[in-house]
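Working notes, beginning with the structure itself.
The values are calculated or read from the model by the stated rules, or taken from the named source; none is laboratory data. Since this is a predicted model, take the numbers as computed values, not measurements. Virtual Cβ from ideal backbone geometry, glycine too; neighbours counted across all protein chains shown.
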Amino acid sequence: MRLPEDSESPPQINIVPMIDVVFAVLAFFILSSLFLTRNEGLTVALPGAQTGEVQPQQRVVVTVDASGAAFVGDRPVNDEQMVEAVQTLISPTTGGTVVIQADQSVSHGRVVAVMDQLRTLAGIQLAIATQPPAPEPANP
């Protein structure tokens, strides 16, 4: 009995699965990069300043919202707990920067009271968070 001849087709590379894998990896990196943005947590309207600088040291953010409530990071604290909460976050040997994010509608006295409490900690520097001022519209 004679068997029919098998005509061997040349080998082919199927790239469709490879394209699926590449798109899955690309989607992973795009989505994971969205979570790398810095989010301070609480929304306050910062005052503008032309001479603001980025602080490169270890830093703790103390936020004072429009109602005058204080937060260390995202955790609400009262005036007695604020120094202890900041002290647990900053190393006493290396120090660091405490950034005060105060809403622009908060009274000056409240911000000074927060700064006065934080100045009792040794080895820290205080900074006040600002944002660049909005550009003025051009007059035609």
Could you tell me whether the stretch 95-117 includes any residue that is in a loop (DSSP other than H, G, I, E, B), at pLDDT below 80, over 22 Å from residue 51 (Cβ atoms) and not acidic (Asp, Glu)? yes
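Taking the stated definitions as given, is residue 46 at pLDDT below 75 and on the phi < 0 side of the Ramachandran plot?
The answer is yes for residue 46.
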